[in-house]
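The values are calculated or read from the model by the stated rules, or taken from the named source; none is laboratory data. Just so you know, these numbers come straight off a predicted model, no measurement behind them. Every residue, glycine among them, receives a Cβ derived from its backbone with ideal geometry; neighbour counts consider all protein chains shown.
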Amino acid sequence: MENDAPNRRLLHRLPELARNLLWSWRPSIQTVFERLDAKLWEDTEHNPTRLLAETKNLPTAAEDDGFIAAYERAVREMDEYLAETSTWTAAAYPEAAPSGGVAYFSAEFGLHESLPVYSGGLGVLAGDHVKSASDLGLPLTGVGILYAQGYFRQRISADGRQSEEYESFDPSTRPLEAATDGNGDEAYVSVELPGRELRLKVWRVRVGRVSILLLDADVPENYDDDRALTSRLYGGGRRTRISQEMILGIGGVRALRKVGASPAVFHMNEGHAAFLALERMREAVSENGRSFDEARDEVKRTTVFTTHTPVPAGHDAFEGDLFWEFLSEWPEKLSTDGDILWRLGADTAGRFNMTRLAMNLSASQNGVSEIHGEVSRDMLGGGVKHITNGVHTWSWLSPRMENLFEKHARGRAWRRCPETPSAWSFVEELPDGELWTAHSETKREMASFINARLEIQSERSGSRKQSLDPDALIIGFARRFATYKRATLLLSDPERLRRIVGDPSRPVQFVFAGKSHPADEPGKEFIRTLHASADGLGEAIVFLEDYDMNIARHLVGGVDVWMNNPRRPLEASGTSGQKASLNGVPNFSVLDGWWPEAYNGKNGWAIGEEKEFASEDEQDSADVESLYGTLENSIVPLFYERSEGVPHGWAAVMKEAIITVAPEFSTQRMVQDYAHKMYAPNGLGRNPGE
Ligand SMILES: *Cc1c(COP(=O)(O)O)cnc(C)c1O
């Protein structure tokens, strides 16, 4: 026993490895947890904190030389990453760190399935933004909410009905830690709600070199009802919504102060966070003796706003009664009167609008694609710029593709500077056979993962058992089931669809996944319709329940084509097609959001045309005609055109997808754009090279 004591001591940094989400994009760190307990790794949904608490394998691992070596490699990798000083930011913005950096406020963060505080694209974008900020050495602190029950687990009944299951999680079982104040005590802040103070515990999620602070109302000092205020993302009614936005905006600024952060720039990711500006004005008025006007101008100069919603109805707004019930003390706090405060957010419908507040109190604003920038300028006015969304390369590239690229890339440029197009030129010369093998293996793994899930799903719901055939052409469609995304467009002409999928020598399958917001009945109806139509089509349409980042990772690398057919111009950007293209899975999409900026006729397929239609029906029929026609004439034939098993024509599209999408639509490029266009002009400090 004495001999293994030193080894066991050596494992003392495992909890630290688990608590920094760097493992979520570093396979060599993740592998330590997987090796330690492969079964628990799956059973805990890849949650290393729970795995370490529950595994019984530590004593054996401590005597396993192979494990110790992997562990030491992982610790070294984390230490090196954290110690790196010659980052992109250090060169481009040397004043960024002394300035205090950026505070990035978002109602949701999609970092990993083990921390389910996201619902969809907005959250995943925020998570990818933070990860790239870390990679780039950009000093940034995220601010969000710890939802005790997350979003929800989606269950689909045998007749296609969505139900929502909520389970509470104990924060101590998640990869996060209590944030501390300057004295090393656990950090708490409070926010005034009508007639009481709400106390909030502050948690810290470490994401590489940066962190995210998450606010949590579930503490014993609060009334029971108040403890539930942060239970659910986008749950509850208007009172819960305004409370959550006060928690995020007002509580968020107080949390930053509590942990000793004084950011130079405040970034509102969507209007949910706009109350942060009022709190900063309150600080300026009551702590620094500024007048209301001075405070407003000061805050505005150092605030930036990203809008994501192309329809007016999507913007959060509160009726006067509700607003004044919650913010009655704020005119006095800001040393102004009610009318002036109201005008900061007043919209034409007579409500207090969070987008208006964000517009009025920010120095720079942006939409999230070129088209969305235009739409936002029309809707919100003036100087709204655009910065097109991207994805965090290392979170979305499948391990097999990563290995293939590693083998053929010349040098490290594609790893260090994935935003540089020339760094990806090696992809042109990848041998088709190797590319096809890497994809096919990922596809096989995806199919066995999905098929295992489908089996559980059918056993629980009593529905027909379906499975994916990895030899078929598999087309993926997975995203939130909001009606504008038109998930049922494919079903418009059942006979034609039947012909497309019905050729036994050229099988075609569609895999669908996605949650509908609990209150979105039309969205849920889409799921029912898909389910009902699938019944008559054998294995052609498969619906997998409970879409999350884990399923997303499998699908974006493993399917053959990524399909998206939103109603133009309602897809502000979309990012899942970027994840797919990065993996050589070509995008097949309506020319909306990011896709018109990337589509070149060789890197995927367009659905419909970029034009205005007289009616929604007209757009639907034009798009569906294009969708079927492109499947029949281009996609299916090209996929099945093989020479010695390898589809060379298809491989050319795959390569073109990777080369054109991987660099430009990475968050590495996106966060640099934010630094240049949004952060630097508004407080981050100058770029000495410009
Ligand atoms: C990337 C992602 C999204 C966004 O998908 P879009 O098709 O861009 O709407 C939504 N949910 C999850 C889990 C994702 O990973």
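A few comments on the model shown:
- The criterion of at least 2 residues that are farther than 26 Å from GLU245 by Cβ is met, among strands (runs of 3 or more DSSP E) falling completely within segment 125-189, by 153-156, 162-165.
- The set of residues in segment 587-629 that are in a loop (DSSP other than H, G, I, E, B), within 16 Å of the ligand (Cβ to nearest atom) and of a type outside the set (A, V, I, L, M, F, W, C) comprises ASP592, GLY593, TYR599.
- Residues (part of a loop (DSSP other than H, G, I, E, B) and either in contact with a strand residue (DSSP E or B) (Cβ under 7 Å, 6 or more places away or on another chain) or in contact (Cβ under 8 Å) with a residue 12 or more places away in the chain (or both)) located in segment 235-256: GLY235
- For THR89, the conditions (1) within 16 Å of the ligand (Cβ to nearest atom); (2) more than 11 Å from the chain's Cα centre (by Cα) are fulfilled apart from (1).
- Residue in segment 505-512 that is part of a helix (DSSP H, G or I), within 16 Å of the ligand (Cβ to nearest atom) and not basic (Lys, Arg) present: no
- Of the residues examined, PHE526 is not one that is assigned to a strand (DSSP E or B), crowded, with 20+ Cβ neighbours inside 10 Å and within 25 Å of the chain's Cα centre (by Cα).
- Test: ARG232 is outside any strand (DSSP E or B) and touching a Gly at 6+ places or on another chain (Cβ under 8 Å): yes
- Selection from segment 327-384 of residues that are closer than 16 Å to MET246 by Cα and of a type in the set (Asp, Glu): GLU329
- Count - residues of segment 545-573 that are away from the ligand (no atom under 13 Å from the Cβ) and assigned to a strand (DSSP E or B): 1
- Pairs meeting the criteria (first residue in segment 118-147 and in contact (Cβ under 8 Å) with a residue 24 or more places away in the chain, second residue within 8 Å of the ligand (Cβ to nearest atom) and of a type in the set (A, V, I, L, M, F, W, C), beta carbons under 7 Å, at least 6 apart or on different chains) are TYR118/VAL124; VAL124/MET549; ASP128/VAL391.
- Residues located in segment 375-398, provided they are surrounded by 15 or more Cβ atoms within 10 Å (Cβ to Cβ) and either assigned to a helix (DSSP H, G or I) or in the same structural domain as ALA133 (by TED's automatic domain parsing) (or both): VAL375, SER376, ARG377, MET379, LEU380, THR393, TRP394, SER395, TRP396
- Qualifying residue in segment 529-544 (condition: at pLDDT 95 or above and within 13 Å of the ligand (Cβ to nearest atom)): yes
- The helices (runs of 4 or more DSSP H) falling completely within segment 257-365 that include 3 or more residues that are in contact (Cβ under 8 Å) with a residue 40 or more places away in the chain and either in contact with a Leu (Cβ under 6 Å, 6 or more places away or on another chain) or at negative phi (or both) map to 275-282, 292-301, 320-327, 354-360.
- The condition of being within 16 Å of the ligand (Cβ to nearest atom) and at pLDDT 95 or above holds for only one of GLY121, GLY160, that being GLY121.
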